[in-house]
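Asker: This is the structure, below, for whatever I ask next.
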Amino acid sequence: MIDRQVRRLAWALLVLFLLVFAQINYIQVFAADDLANNQANSRTIIEEYEIDRGAILARDEQTVLAESKQTSGRYKYLRVYPKGELYAQITGYYSLVFGRSGLERSYNSYLSGTAAELLPQKLVDEMLGRPKRGATVVTTLDANLQSVAQQALGDLPGGVVAIDPTTGAILAMVANPSFDPNPLASHHQDTVTKAWDELQSAPGKPLLSRAGQELFPPGSTFKLVTAAAALENGDTPDTKYPNPPELDLPQTNNTLQNFGGEHCLGGVPQLTLAQALQVSCNVVFGEVGLKLGADKLVAQAQKFGFDQRIPFDIPFAEGSIPPASSFKDNQPLVAYSAIGQSSVGANPLQMALVASAIADGGVEMRPRLVREIRDPSGRVVKSFDPEAFGRPISAQTSQELTQMMVSVVQSGTGTAAQIPGVTVAGKTGTAQHPGGDPHAWFVCFAPAEHPKIVVAVVVLDGGSLGSEATGGHVAAPIAKAVLEAALGG
């Protein structure tokens, strides 16, 4: 009887042991990742905040965009953003409650010290009893240009992007509205949730960057894409087109008109392609679009990156144009798309990439925000070299378009961007959209002979000029300020 009870107890203990063993293995092997990433796992959160998270720096390696500071509270380190809103839509936030965004998210393994490249330094730190440290992310951003772009944009809704066309390095990227990431990084949950709720209800969606994460009709800046398609398919800058006061559209009684109902160049019978770009003639570019057809127009836009995946360090909404098949039964949309209206969408980053390809001999470089990663001892453990995204146009088309854009600034719609002693190439845009005043655009680069910088600007709903706004009056002076700062003007 006793032996039977002992055997039962032994079996019961064995079953319990197996259950405990299985549970331990499940936690350690199968559920480890889920538990580690669970926001409710306070132990994981505390351990994460024991790490001296690496800094994010401007390219001068002096301007701090994000860093960690030691505290005496429950969480050892607090993430701080010394420049507040200025870089927020690039760095993103590092939050106890809402996780990470922006560079804080995409480079988290380096910043938190867990990347494979940091293992040697990590082992040395552990052997010497040093605190856990993350790596430093050095960006491509020019602190001076970032400030100039912000000041030039002021309180106007919109965005500005400056890029080095030869490397794809982002030199400046600002947008209004933006947000202060510091409250989101607070160790006090009430502060964090209050800031988050306010941002969610704020007008203008400040957590999304108008410089690269939203799409707007690009208006006449898209004529650069249309002109590129024409030149790539047999036209020259001197190819002539009829210049009627308005364009009769196929399949409808509607007509396409010029901005303000004007007749381009005083109503001369014909305009060359170069003249049409210089004065931004909608009627002629509608004709160009219809001559090209949807297939060629859409194909050219896609070569520039529209509706493609362009690798970037933070979320990026690439430009958008309807597929060619959607134009089959709606030819008027081809004409409207050719002037950057209808369902065409873009943002300053996308249009800066278009201009950068023109500036760089036809090669479009992949945009990049990060130059290198440095371990806690200052050694470079990873560098990010320039990469080409593609070649959307030939070198000849690049040269021809550059000269056409120079004429826009010298004696066309972009004269407000003129800089004494510097040849500026540019294109204005005034984009109509439902329910608001026109968006004002300007895209440019300089010096035109050997471009060093591309700038793209959009000001939404006409900025301070409202319905009277044009790209030449509102956006071009903002771009000019950035160009001058970059070129030492």
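Asker: So if I take the centroid of the Cα atoms in segment 55-111 and the same for segment 220-294, what is the distance between those two points in Å?
Answerer: With segment 55-111 and segment 220-294 each reduced to a Cα centre, they are spaced 48 Å.
Asker: What does the helix-only formula give at 222 nm for the chain: each DSSP H stretch with n ≥ 4 adding -39500 (n - 2.57), the total divided by the residues, and the result rounded to the nearest 500 deg cm²/dmol?
Answerer: Values: 17 runs with 168 residues, N = 489.
It lands at -10000 deg cm²/dmol.
Asker: Calculated FRET efficiency, Asp155 and Asn233, Cβ-Cβ r, R0 41 Å, to nearest 0.05? Could the numbers behind the result be given before it?
Answerer: On the way: r = 43 Å, r/R0 = 1.05.
E(calc), rounded to 0.05, equals 0.45.
Asker: Using a Cα-Cα cut-off of under 28 Å, which lysines could be cross-linked to Lys223, ignoring same-chain neighbours fewer than 8 residues away?
Answerer: The reachable lysines, counting only those whose Cα sits under 28 Å from Lys223, are Lys240, Lys291, Lys296, Lys303, Lys328, Lys427, Lys452, Lys480.
Asker: Still on this structure, please answer the following. Arrange the peptides 390-399, 223-232 so that the one whose residues have, on average, the most other Cβ atoms within 10 Å appears first.
Answerer: Details: 390-399: 18.2, 223-232: 26.2.
The densest-packed peptide leads the list: 223-232, 390-399.
Asker: Could you pull out the trypsin sites (Lys or Arg not before Pro) across segment 86-181 that fall in loop regions by DSSP (anything but H, G, I, E, B) with no more than 16 other Cβ atoms inside 10 Å?
Answerer: Values: sites: Arg100, Arg105, Lys122, Lys132, Arg133; in loops: Lys132.
Within segment 86-181, no trypsin sites (Lys or Arg not before Pro) qualify (loop, at most 16 other Cβ atoms within 10 Å).
Asker: If contacts are Cα pairs under 8 angstrom and at least 6 residues apart, what is the relative contact order of segment 73-194 in percent?
Answerer: Numbers: 163 pairs, mean separation 40.4, N = 122.
The normalised contact order for segment 73-194 reaches 33 percent.
Asker: Compute the signed sum of charges (Lys and Arg +1, Asp and Glu -1) over the other residues within less than 13 Å, Cβ to Cβ, of Gly340.
Answerer: Numbers: positive: Lys223, Lys427; negative: none.
Result for the neighbourhood of Gly340: +2.
Asker: Next question, about the same structure. Given a cut-off of under 8 Å on Cα pairs at least six residues apart, what relative contact order in percent is computed for the chain?
Answerer: On the way: 1089 pairs, mean separation 75.8, N = 489.
For the chain, the relative contact order is 16 percent.
Asker: A follow-up question, please. Rounded if a/c is under 1.5, else prolate if a/b beats b/c, else oblate: with a ≥ b ≥ c from the C-alpha gyration tensor eigenvalues square-rooted, which is segment 197-313?
Answerer: Working: a/c = 2.49, a/b = 1.70, b/c = 1.46.
Because a/c hits 1.5 or more and a/b exceeds b/c, segment 197-313 counts as prolate.
Asker: Oh, and also: How much length would be gained if the chain were fully extended between Gln396 and Gln418, taking 0.36 nm per residue of separation minus their Cα-Cα distance, in nm to one decimal? Please report the intermediate quantities before stating the final value.
Answerer: On the way: separation 22, 0.36 × 22 = 7.92 nm, distance 2.47 nm.
In short, 5.4 nm is gained.
Asker: Along the positive direction of the dipole of the chain (beta-carbon charges: Lys, Arg +1; Asp, Glu -1; about the Cα centre), which of Ile419, Pro157, His187 reaches farthest?
Answerer: His187
Asker: Quick one: Cα centre-to-centre distance for segment 351-415 and segment 133-190, in angstrom?
Answerer: Taking the Cα centre of each part, segment 351-415 and segment 133-190 sit 19 Å apart.
Asker: Can you give me the long-range amide H partners of Gln213? Hydrogens built in the peptide plane at 1.01 Å from N, cutoff under 5 Å, separation of 5 or more residues or another chain.
Answerer: Ala317
Asker: OK, next. To test your reading of the geometry: what angle, between 0 and 90 degrees and rounded to tens, separates the Cα axis of helix 282-292 from the longest principal axis of the chain?
Answerer: Roughly 70 degrees between the two axes.
Asker: Rounded to the nearest whole Å², what accessible area per residue is found for segment 311-462 with the 1.4 Å probe?
Answerer: On the way: 5240 Å² over 152 residues.
Solvent-accessible surface per residue comes out at 34 Å².
Asker: Roughly how big is the chain's charge dipole about its Cα centre, with Cβ charges of +1 (Lys, Arg) and -1 (Asp, Glu), in debye to the nearest 20?
Answerer: Numbers: 37 positive and 47 negative charges, 312 e Å.
Approximately 1500 debye in magnitude.
Asker: Only Lys, Arg, Asp and Glu count, each charged at its Cβ (+1, +1, -1, -1), so figure out the dipole size of segment 55-141 about its Cα centre, rounded to 20 debye.
Answerer: 320
Asker: In the set [x] 23, 50, 24, 4, 0; [y] 22, 55, 23, 0; [z] 23, 46, 22, 7, 2, 0, which value of P(r) over Cα pairs in 20 Å bins from 0, in percent was calculated from the structure you see?
Answerer: [z]
Asker: Using a probe of 1.4 angstrom, how much of the accessible area of the chain is carbon and sulfur, in percent?
Answerer: Working: 11160 of 21760 Å².
Percent of accessible area from carbon and sulfur atoms in the chain: 51.
Asker: Compare the Cα positions of Thr91, Met351, Ala202 along the charge dipole of the chain (+1 at Cβ of Lys, Arg; -1 at Cβ of Asp, Glu; about the Cα centre) and return the one farthest towards the positive end.
Answerer: Most positive-ward Cα: Thr91.
Asker: Which value in nm describes the separation of the simple spin-label points at Leu465 and Val80, placed 7 Å from the Cα toward the beta carbon?
Answerer: 4.3
Asker: ³J(HN,Hα) across segment 173-178 via Karplus (A = 6.51, B = -1.76, C = 1.60, θ = phi - 60°), whole Hz, x for Gly/Pro?
Answerer: Whole-Hz 3J(HN,Hα) from phi for segment 173-178: 7, 10, 7, 10, x, 10.
Asker: Taking the solvent-accessible surface of protein heavy atoms with a 1.4 Å probe, what is the per residue accessible area of segment 95-157 in Å²?
Answerer: Working: 2960 Å² over 63 residues.
Heavy-atom accessible area per residue stands at 47 Å².
Asker: Sorted by accessible area with a 1.4 angstrom probe, largest first, how do Glu364, Glu67 fall? Each step should come with its number before you reach the end.
Answerer: Details: Glu364 0, Glu67 50 Å².
Highest to lowest solvent-accessible surface, that is Glu67, Glu364.
Asker: Something else about it: Please give the charge dipole size of segment 357-449, origin at the Cα centre, charges +1 on K and R Cβ atoms and -1 on D and E Cβ atoms. Round to the nearest 20 debye. Intermediate values should be presented prior to the final figure.
Answerer: On the way: 8 positive and 9 negative charges, 60 e Å.
Here the size comes out at about 280 debye.
Asker: Further question: Put +1 on the Cβ of every Lys and Arg and -1 on every Asp and Glu Cβ in the chain; which of His450, Leu273, Thr430 then has its Cα farthest towards the positive end of the dipole?
Answerer: Toward the positive end, the furthest listed residue is His450.
Asker: Can you tell me the relative contact order of segment 126-268? Whole percent, Cα pairs under 8 Å, sequence separation 6 or more.
Answerer: Details: 125 pairs, mean separation 19.7, N = 143.
Relative contact order for segment 126-268 comes out at 14 percent.
Asker: In degrees from 0 to 90, rounded to the nearest 10, what is the angle of the helix 476-487 Cα long axis to the longest principal axis of the chain?
Answerer: 70
The values are calculated or read from the model by the stated rules, or taken from the named source; none is laboratory data. These figures come from a predicted structure and were not determined experimentally. Quick reminder, even Gly has a Cβ in these numbers, built from the backbone with ideal geometry, and neighbours come from all protein chains shown. We work out accessible area using only protein heavy atoms, side chains counted, and drop any ligands, DNA or RNA first. Shrake-Rupley method; radii C 1.70, N 1.55, O 1.52, S 1.80 Å.
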